[in-house]
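Quick notes on the structure that follows.
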Amino acid sequence: MKKIVLIVLDGLGDRRTLDRPTPLEAAKTPTLNFLAKNGSCGLHYPLSPGVPIGSGLAHTLLFGYSEDDYPGRGVLEAYGAGIDLQPTDLAFRVNFATSDENFRIIDRRAGRRGEFIPQMAEELQEALNNNPFGVRVILKAYENYRGVLVLRGSILHPIPDLDPQIEGEPLPFSKDEMTGRIVNWIVVQSYEFLKNHPLNKKREEMGLPPANILLLRGAGSIKQRIPFHEKHHMRGLAIADRNLYLGVASYFGMDTAKVSDEEKIPLLMERLEEYDFFFVHFKLTDVYGHDGKWEEKKRYIEYVDGLLSPLKELKDVVIVVTGDHSTPAILKNHSGDAVPLLIYGGNLDDVKRFGEHECVKGRIGIVRAADVLNLAMDAAGRMKEVGK
Ligand code: ZN
Ligand code: ZN
């Protein structure tokens, strides 16, 4: 049986226009082309054709789980932040944002700058624990304006997002009479606590928007699930630098390592003997897609291609390279386009270059993300015959 290495370039897929190929097609990618030439290619639709999905769900599917196993973004963020959730906990993904006094959201990401936010979050957590509902509040901030909020108590259930999504719009307070009442109180208190906070005054002196409100979304609780090593009979290590991706891997029972892009492949090489499955995540393809930066996305693909070069030397491994979804630079958002996929170490086809339109000619065809791990495991000699 071979080991499996799953490389995900977040938001890798893109769209051609009349005057421009996709960033992946335009990039010089000798490593990826080597793997494509000596492997098989195809594409995958993350959930189903034409349906854009978020990264947390997309990774749930790539790890061989179903849509029903996805616990919501908040839970994955909590796992990434190292919070051990109890079954009745309700977790939200948090943005520290900028609001005016009428709860109109001016900046959903507080200028994307994290100055003083962790300190304010710690103090705010303490203040929010003085609530009249008997609910324990855990609040952690990380990665600039991002964070996670966990409510621990009884009778909590998932509610719609308290996030207008569009700047200039008023915050949509919850209409739910139980959980919503508690969460509305938390949002109003966060504004009261943060609006005149001395550290926000410092931010304003630095020319930064104040981080004076919490936007809460992706509410969820943990679900029954079969751990990755039991489901797939592989011990897995996730190597990433962002909380969400470490969180989704850790939620399903993989070990995690948080290192920078340059350190990811050396770490994999170092720990090769310890695990059967490696998930390695590269984020910036998605970020440049969201920012509409075609050129930067192309250059980042070339950079990652260089980092992946040592993988060519590995024997007895199956290497999968793909994205979790498409983030076309022209859309500045996720799309439901199929994502290029290569599997090296199993069967062969005639595709010699890794790119959206080359992959269409590959033998894998177009599958769904939930099939990708089965294909890799079959290539690795790890699948059991069904109906034998
Ligand atoms: Zn993604
Ligand atoms: Zn994205």
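Residues in the range 186-242 that are over 30 Å from Pro87 (Cβ atoms) and of a type in the set (Lys, Arg): Lys195, Lys201, Lys202, Arg203. Looking at Gly64, Gly72, Gly80, Gly56, just one residue is surrounded by fewer than 24 Cβ atoms within 10 Å (Cβ to Cβ), within 16 Å of ligand 1 (Cβ to nearest atom) and closer than 30 Å to Met383 by Cα, and that residue is Gly72.
Within the range 314-334, residues that are farther than 24 Å from Met269 by Cβ reach partners that are more than 10 Å from ligand 2 (Cβ to nearest atom) and not in a loop (DSSP other than H, G, I, E, B) with beta carbons closer than 6 Å, at six or more positions or on different chains, in the pairs Ser326/Gly13; Ser326/Ser335; Ser326/Val339; Pro328/Ser335; Ala329/Trp294; Ala329/Lys297. Filtering the range 164-185 to residues that are farther than 18 Å from Asn95 by Cα, in contact (Cβ under 8 Å) with a residue 12 or more places away in the chain and in a loop (DSSP other than H, G, I, E, B) leaves Asp176, Met178.
Answer with yes or no whether Leu341 is within 20 Å of the chain's Cα centre (by Cα) and away from ligand 2 (no atom under 16 Å from the Cβ). Even if it seems obvious, please write down each step before you answer.
Working: within 20 Å of the chain's Cα centre (by Cα): yes; away from ligand 2 (no atom under 16 Å from the Cβ): yes.
For Leu341, the condition - within 20 Å of the chain's Cα centre (by Cα) and away from ligand 2 (no atom under 16 Å from the Cβ) - is met.
For the criterion of being out of contact with any Leu (no Cβ under 6 Å at 6 or more places or on another chain), more than 15 Å from ligand 1 (Cβ to nearest atom) and more than 25 Å from Gly362 (Cβ to Cβ), Gly50 fails.
Return the residue satisfying two criteria in turn: it lies in the range 173-197 and is of a type in the set (S, T, N, Q) and within 29 Å of Phe116 (Cβ to Cβ), and of such residues it is surrounded by the most Cβ atoms within 10 Å (Cβ to Cβ). Explain how you work it out, then say what you get.
Just the residues of the range 173-197 that are of a type in the set (S, T, N, Q), to begin with: 174, 179, 184, 189-190, 196.
With within 29 Å of Phe116 (Cβ to Cβ) added as a condition, the list becomes 174, 184, 189-190, 196.
Values: Ser174: 19, Asn184: 17, Gln189: 17, Ser190: 27, Asn196: 10.
Here the answer is Ser190.
Scan the range 85-92 and tell me whether some residue there is within 16 Å of ligand 1 (Cβ to nearest atom), within 30 Å of Asp337 (Cα to Cα) and out of contact with any Pro (no Cβ under 7 Å at 6 or more places or on another chain).
There is no residue in the range 85-92 that is within 16 Å of ligand 1 (Cβ to nearest atom), within 30 Å of Asp337 (Cα to Cα) and out of contact with any Pro (no Cβ under 7 Å at 6 or more places or on another chain).
Check the range 279-292 and report whether any residue there is surrounded by fewer than 20 Cβ atoms within 10 Å (Cβ to Cβ) and more than 16 Å from ligand 2 (Cβ to nearest atom). For the range 279-292, residues surrounded by fewer than 20 Cβ atoms within 10 Å (Cβ to Cβ) and more than 16 Å from ligand 2 (Cβ to nearest atom): absent. Quick check on the range 1-16: of everything there that is more than 24 Å from the chain's Cα centre (by Cα) and more than 20 Å from Tyr45 (Cα to Cα), which residue is farthest from ligand 1 (Cβ to nearest atom)? If we take residues in the range 1-16 being more than 24 Å from the chain's Cα centre (by Cα) and more than 20 Å from Tyr45 (Cα to Cα), then Met1 is farthest from ligand 1 (Cβ to nearest atom).
Name the one entry in Glu167, Glu205 that is surrounded by fewer than 18 Cβ atoms within 10 Å (Cβ to Cβ) and under 28 Å from the mean Cα position of the chain (by Cα). Explain how you work it out, then say what you get.
Working: Glu205 fails: under 28 Å from the mean Cα position of the chain (by Cα).
After ruling out the rest, the residue left standing is Glu167.
Among the residues of the range 102-160, those identified as touching a residue at least 60 places away in the same chain (Cβ under 8 Å) and basic (Lys, Arg) are Arg104, Arg108, Arg113, Arg146, Arg152. Looking across Leu373, Leu341, Leu331, Leu348, one residue alone is aliphatic (A, V, I, L, M), under 29 Å from Lys231 (Cα atoms), within 16 Å of ligand 1 (Cβ to nearest atom) and out of contact with any helix residue (DSSP H, G or I) (no Cβ under 6 Å at 6 or more places or on another chain). It is Leu341.
No lab work stands behind these numbers, since they all come straight from the coordinates. Just so you know, these numbers come straight off a predicted model, no measurement behind them. Methodologically, a virtual Cβ is constructed for each residue, glycine included, from the backbone with ideal geometry; neighbour enumeration extends over all protein chains shown.
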